[in-house]
Amino acid sequence: MGSSERRSRLGWWALAIALALALAFVAYAFVGTLVLGLFVYYGSRPVYRRVAGQIESKTLSAAGTLFLLSLPALFLVGYTVAVGVRELSAFTGTGIEAYYSRLIPGSTDVPGMLSHPQRLVGSDLGTAWGEFMTALKSLGILSRSLLTLFLSISFAFFALRDGDRLASWFRGEMGEESAVVAYLSAVDEDLSIVYFGNVLTILLVGVAATILYNGFAAIAPAGVAFPLPTVFALLTGLATFVPLVVGKLVYVPLTIYFGWQALQVRTRLLWFPVAFFVVSLLLLDLLPQTVIRPYISGRTTHTGLVMFAYILGGVLFGWYGIFLGPLVLVLVVQFAGIVFGDLVHGKRVTPTSSLSIGSNPPEEK
């Protein structure tokens with residue numbers, strides 16, 4: 001290789017590094033948007049592939065999957081959480097506005113400004129200006145939230161429509177037998193399990209528990225009260241993360257509580273806690289663990305690690321950490337299994353994994 005060729009390659013590598021740094025900066029600036037888009041993508045991809053098998057147009061398949069399935073699911077979860085917060089607010093004697101304003105400061109001032117515009121007219125200039133700036137700040141927060149949702153859905157749309165073509169191009173450039181392709185393929189499969197499998201199981205259990213608990217709250221006999229059914233339903237969904245124990249963390253203490261209430265009133269009322277326990281055991285425990293989770297997830301990353309990734313990610317990074325934590329976990333686990341050992345021993349990195357807590361590369365299956 002001549003000196004001119006070396007200089008040319010050095011220039012191209014410099015440009016590649018500059019572009020990689022620019023992309024890293026963009027990813028850092030919009031990390032919440034990107035990880036939410038990844039979550040929507042992996043949550044929608046299994047359904048999209050089924051739809052794409054029936055509809056020739058990938059654009060229609062991707063748009064239909066997102067707007068007919070993913071967005072309604074997001075709104076359903078948001079509504080369930082809102083109902084749970086409202087129940088908790090009523091139970092503690094605090095209005096829901098107090099909790100909501102802690103999450104989005106100043107957001108509760110916008111409805112008041114719109115319904116009582118005389119507050120601006122009848123106030124002195126300083127007060128009116130302060131309320132006006134608060135309303136602008138709240139509208140800005142709302143607009144940024146909508147923009148984040150729009151960009152995430154757009155990212156998921158293009159990833160669904162063009163993801164296979166991009167993956168084929170990358171495999172062709174790097175080679176099907178390369179370690180980097182094996183690494184990214186294993187990461188892709190683990191993310192599809194962690195995002196789609198585990199999260200969908202939790203959402204299904206949470207929604208089912210919401211219907212079940214509110215139904216039992218409606219038929220509860222006099223003397224047996226069911227407090228905060230939607231809040232406990234959400235906790236039941238989250239408890240699905242805990243291996244083996246799962247929803248028992250919630251519905252068993254509730255059963256004991258109902259039994260204690262029934263014994264205080266009349267022994268005949270024990271039918272209620274018994275029925276609640278049996279139905280919860282079947283629908284919120286045995287069915288998810290024996291049918292839903294194995295069907296959706298298959299082989300998965302270590303459940304305890306996934307649980308800590310979701311919790312610690314949210315604590316460290318905020319709302320988007322719920323999606324960023326599992327992504328970091330999967331990247332680290334697959335790097336440790338495929339790359340780390342060969343690097344430490346000075347060997348050529350091969351597309352094989354030395355760990356058994358994540359998905360294996362395609363060559364090992």
| query | Looking at the stretch 243-262, is at least one residue surrounded by fewer than 21 Cβ atoms within 10 Å (Cβ to Cβ) and within 24 Å of F39 (Cβ to Cβ)? | reply | yes
| Only listed residue being modelled with pLDDT under 85 and surrounded by 13 or more Cβ atoms within 10 Å (Cβ to Cβ), chosen from G64, G43, G32 | G43
| field | Residue within the stretch 245-259 that is on the phi > 0 side of the Ramachandran plot and modelled with pLDDT under 85 present | value | yes
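One line per residue, one yes/no per condition, for (1) of a type outside the set (V, I, T); (2) in contact (Cβ under 8 Å) with a residue 40 or more places away in the chain; (3) over 23 Å from F39 (Cα atoms):
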residue: L312; (1), (2), (3): yes, no, no
residue: V315; (1), (2), (3): no, no, no
residue: W319; (1), (2), (3): yes, yes, no
residue: I322; (1), (2), (3): no, no, no
residue: V330; (1), (2), (3): no, yes, no
residue: Q334; (1), (2), (3): yes, yes, no
residue: L343; (1), (2), (3): yes, no, yes
residue: S353; (1), (2), (3): yes, yes, yes
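To keep it simple, each residue is scored yes or no on (1) in a helix (DSSP H, G or I); (2) over 16 Å from S280 (Cα atoms); (3) of a type in the set (A, V, I, L, M, F, W, C).
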| residue | (1), (2), (3) |
| --- | --- |
| E177 | no, yes, no |
| V180 | yes, yes, yes |
| A186 | yes, yes, yes |
| D190 | yes, yes, no |
| G197 | yes, yes, no |
| T210 | yes, no, no |
| N214 | yes, no, no |
| field | Selection from the stretch 216-249 of residues that are over 21 Å from the mean Cα position of the chain (by Cα), under 14 Å from S280 (Cα atoms) and in contact (Cβ under 8 Å) with a residue 40 or more places away in the chain | value | F216, P229
| query | When the stretch 159-215 is examined, which residues are found to be polar (S, T, N, Q) and more than 25 Å from V333 (Cα to Cα)? | reply | T210, N214
| Right, L19: assigned to a helix (DSSP H, G or I) and surrounded by fewer than 13 Cβ atoms within 10 Å (Cβ to Cβ) or not? | yes
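The values are calculated or read from the model by the stated rules, or taken from the named source; none is laboratory data. If you're wondering where the values come from, they're calculated on a predicted model, not measured in any experiment. Every residue, glycine among them, receives a Cβ derived from its backbone with ideal geometry; neighbour counts consider all protein chains shown.
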